[in-house]
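Inspection log for the structure reproduced underneath, given as structure tokens.
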Amino acid sequence: MKKHLLTLSIIAALAACSPAEKPKPTEKAEEQQTDKVDAPALEQKLIVKVYDKKINTQFIEFSADLIEQFWQKNPGYAVYVGYYKYDDQLSIPDEAGLKAEVAFTKEKLAQLQAFDVSELNPSNASDYYILQNQMQSSLFNVEELKSHQWDPSNYNIAGVFGVILNTDYKAKDERLRTIFKRMEFVPEYYQAAKANITTPTINHTKLAIQQNQGALGLFTGALHTAMTESNLSTQEKADFNFRIAKTTSAINDYVSWLEDKLKQIEADGSAKDFRIGEALYEKKFALDIYSSLTAKQLFDKAEAEKNRIHGEMGKLADKLWPKYFATQAMPDNKLVAIKALIDHISVKHVEREKFVASVKAQIPQLEKFVSENNLLEMDADKPLVVRETPEYQRGFAGASINAPGPYDAGANTYYNVTPLDAFNDDQAESYLREYNHWILQILNIHEAVPGHYTQLVHSNKSKSLVKSIFGNGAMVEGWAVYTERMMLEEGYGNFEPELWLMYYKWNLRAIMNSIIDYSIQVTGLSEQGALDLMMNEAFQEEAEARGKWRRATLSQVQLTSYFTGYSEIYALREELKVKLGDKFNLTDFHNQFLSYGSAPVPIIRQMMLNSL
Ligand code: ZN
Ligand code: ZN
């Protein structure tokens with residue numbers, strides 16, 4: 001498995017789905033500025049106000065309407081969140097489609113402008129800003145970032161077909177008929193893709209080739225088998241076979257077109273740089289992350305935090321060195337000493353056969369610690385189900401939360417843990433050292449309790465469809481990262497120095513994600529430079545560092561969400577401690593923070609300050 005990556009299956013799905021099918025981002029920098037200048041005014045007015053009932057009702061109708069139209073335009077994305085009304089539609093990413101999207105976005109932005117935000121109650125006001133951000137993001141993507149022209153991996157149909165095939169939301173034969181209808185649009189879809197791709201990058205072209213080749217297997221394998229074994233009529237099956245052939249031929253055609261394109265751009269040097277540069281990066285950061293900081297400020301903050309943590313790890317190394325290396329002198333270079341200690345103690349890990357069982361056994365212990373220390377409210381009605389990752393979902397990450405979507409909030413939340421069956425002995429050993437005795441506990445805090453799973457349980461209570469659908473990734477990841485430190489600070493693990501050392505190593509990964517993402521995309525950091533940083537200053541193994549380099553060349557900004565969200569939540573907590581003095585209560589802080597749903601941290605901050 002790779003790293004613990006994304007985690008929420010919904011978020012993972014969004015990241016994986018095609019841009020033609022996924023939500024698009026945002027806006028102009030000036031508008032963003034205005035938005036942020038407006039915020040304090042909102043803060044003051046909200047305190048004493050009796051909110052206008054009519055305007056609030058209108059706003060709720062407006063957002064429900066916007067969401068319905070959004071699903072109509074993004075039927076594939078709708079399927080990912082469990083909304084199946086348009087499941088037989090595949091939207092075509094052609095010129096007309098892009099124009100319609102821009103028109104829709106501009107119309108919605110204009111309609112949002114017509115609302116007086118100061119008349120909206122806090123929940124609606126935060127939804128307002130989230131919708132505005134979403135629309136601005138969408139416009140930015142089409143008009144400025146233009147990844148539809150340079151990222152061929154935007155185009156891949158397999159994901160949504162896979163969800164329809166594997167999700168039991170209606171009878172299987174009916175789902176097959178839906179798939180049959182949906183396949184009709186595939187050739188047109190890939191024609192539009194080819195017309196859009198004018199300036200591909202080498203990295204994204206290679207990725208698109210690999211992923212689309214992978215997509216073929218779904219149609220010739222699992223789907224073909226399901227259809228053959230179904231109760232469809234002989235005629236239906238014949239038609240189905242014909243359409244599978246058309247579909248695979250459209251995919252094959254796209255793949256060979258990309259292979260030719262790749263040869264050409266490699267030969268004539270016309271490939272576009274995968275780096276998006278400072279101006280686009282700052283805008284994308286402002287829109288995707290919704291931070292109170294600029295990308296450059298966040299980068300500086302990450303650098304400072306990295307140095308602080310190196311200092312803390314150095315102190316722990318002084319303490320632990322004699323315990324493990326009594327007869328050896330400690331290296332002068334502190335980073336070398338820290339690395340030696342980490343390597344040495346990583347041999348303490350669970351047996352490979354007991355990996356899933358160990359994770360399962362830890363969850364009740366974490367829950368016990370949280371409730372005994374009254375850290376936040378836990379909901380016993382919604383237990384987390386720990387299970388082995390289903391076969392068709394394997395290959396993503398070793399452990400991840402699989403949460404029900406907003407339209408199916410009653411369904412189970414699963415903690416998928418992949419057994420190490422696919423590994424040989426060396427791979428398993430390396431993996432187990434990585435997820436050793438201490439890191440495994442931190443992983444479980446992050447993914448499950450009180451990290452992602454607990455946050456989702458609270459989030460589902462907020463009942464805002466807007467926040468469930470357009471939830472802010474930096475808040476979601478930031479919360480999970482925040483809880484790791486919070487648990488240790490509250491005494492989980494009894495302040496064991498080994499646990500803190502491992503925690504710092506784990507935390508450095510989030511910090512380093514921010515540092516390399518910015519450095520690669522904005523200041524041109526090379527592959528070797530990035531590997532040196534990750535391996536020497538964040539103690540990562542080469543395989544992990546290489547994987548991260550690849551990810552940083554294929555995505556922009558997302559890698560900064562962990563550290564940004566975490567540092568802003570932590571800063572908010574410290575700010576409230578100062579403001580409230582003796583009246584500050586950690587439990588209340590957590591419960592209130594989570595009560596707003598997955599809204600951007602600056603918006604939650606605003607609402608929490610308003611409520612003082
Ligand atoms: Zn071992
Ligand atoms: Zn996470």
| task | Just add up the charged neighbours of Glu575: K/R +1, D/E -1, any other residue whose Cβ is under 11 Å from the Cβ of Glu575. | result | +2
| field | Candidate aspartates and glutamates - alpha carbon under 18 Å from Lys99, same-chain residues fewer than 8 apart omitted | value | Glu21, Glu27, Glu107, Glu143, Glu144, Glu188
| task | Among the listed pairs Lys206/Lys263; Lys319/Lys339; Lys172/Lys237; Lys339/Lys505; Lys108/Lys283; Lys505/Lys577, give every one whose C-alpha distance is greater than 18 Å. | result | Lys108/Lys283; Lys505/Lys577
| query | Over its Cα atoms, what ratio of radius of gyration to 2.2 N^0.38 Å does the chain give? | reply | 0.98
| Projected onto the charge dipole of the stretch 360-416 (+1 at Lys/Arg Cβ, -1 at Asp/Glu Cβ, origin at the Cα centre), which of Asn374, Tyr407, Val385 gives the Cα projection farthest towards the positive end? | Val385
| field | Positive-pole candidate from Asn124, Leu298, Gln427, dipole of the chain, charges at beta carbon | value | Asn124
| said: Give the lysines reachable from Lys583 as a straight Cα distance under 28 Å; neighbours fewer than 8 places away on the same chain don't count. | reply: Lys45, Lys49, Lys368, Lys461
| Charge dipole (the stretch 462-517, unit charges on Cβ, about Cα centre) - positive-most of Gly473, Ile516, Thr483 | Gly473
| Which whole-Hz couplings ³J(HN,Hα) result when phi for each residue of the stretch 601-612 is put into the Karplus expression 6.51 cos²θ - 1.76 cosθ + 1.60, θ = phi - 60°, listed in order with x for Gly and Pro? | 4, x, 6, 4, 4, 3, 5, 5, 5, 4, 7, 5
| request: Excluding residues on the same chain fewer than 8 positions from Lys548, give the aspartates and glutamates whose Cα lies under 14 Å from its Cα. | output: Asp517, Glu527, Asp532
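Using unit Cβ charges (K, R positive; D, E negative) and no other charged atoms, how large, in debye to the nearest 20, is the dipole of the stretch 286-373 about its Cα centre? Don't skip to the end; give the middle numbers.
Working: 14 positive and 12 negative charges, 39 e Å.
Computed about the Cα centre, the dipole is about 180 debye.
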| remark: So, relative contact order of the chain in percent, Cα under 8 Å, 6 or more apart, is 19
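Where nothing but the Cβ of Lys and Arg (+1) and of Asp and Glu (-1) is charged, how large is the charge dipole of the chain around its Cα centre, in debye to the nearest 20?
Numbers: 66 positive and 81 negative charges, 44 e Å.
It comes to approximately 220 debye.
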| Within the stretch 493-576: Cβ-based charge dipole about Cα centre, in debye rounded to nearest 20 (Lys, Arg +1; Asp, Glu -1) | 280
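Determine the relative contact order of the stretch 109-225: mean sequence separation of Cα pairs under 8 Å and six or more apart, normalised by residue count, in whole percent. Write out the running numbers ahead of the final one.
Working: 65 pairs, mean separation 39.9, N = 117.
Relative contact order for the stretch 109-225 comes out at 34 percent.
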| Cα gyration tensor shape for the stretch 484-612, rounded if a/c is under 1.5, else prolate or oblate | oblate
| Can you pull out the trypsin sites (Lys or Arg not before Pro) in the stretch 307-392 that DSSP calls coil and that have at most 14 other Cβ atoms within 10 Å? | Lys348
| remark: Ranked from fewest to most other Cβ atoms within 10 Å of their own Cβ, His344, His310 fall in the order His344, His310
| field | Whether the stretch 422-518 is rounded, prolate or oblate, judged on the alpha carbon gyration tensor where a/c under 1.5 counts as rounded | value | prolate
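Read-outs: derived from the displayed coordinates by stated rules, not from any lab. Every value quoted in this text rests on a predicted model; they were computed, and no experiment measured them. Because the Cβ atoms are built from the backbone with ideal geometry, glycine has one as well, and the counts that use them run over all protein chains shown.
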